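Note sheet for the following structure.
The values are calculated or read from the model by the stated rules, or taken from the named source; none is laboratory data. Predicted model, so just to flag it, every value in this text is computed and none were measured. Using ideal geometry, Cβ is built from the backbone for each residue, glycine included, and neighbour counts are taken over all protein chains shown.
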């Protein structure tokens, strides 16, 4: 079954509510903890609608922010050439010399 945008939003709101209830928080307490307006919190739970900023704040307040980085994972290689290119890039970036802290670069005279 293919979910619509509204299906995803409604489900997200339900998960936010379930997580808040599991943590024994009222909507008011959760909104304060997240640093978002109470009205915004109610909209997140009821409609699943919020700004990205408010959604991340809610995730942190509800202690489920560890999954945020999984939302948009890096693309895997589609072929061997892509994989080799990714490995070369990773090797180049790991070999870049690190500047000593506190040292200042000098301008040529």
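Can you pull out every residue in the stretch 10-39 that is in a helix (DSSP H, G or I) and surrounded by 19 or more Cβ atoms within 10 Å (Cβ to Cβ)? The answer is 13, 16, 20, 30, 31, 34. For residues in the stretch 63-87 being surrounded by 10 or more Cβ atoms within 10 Å (Cβ to Cβ) and farther than 24 Å from residue 21 by Cα, which is modelled with the lowest pLDDT? Looking at the filtered set, the residue picked out is 77.
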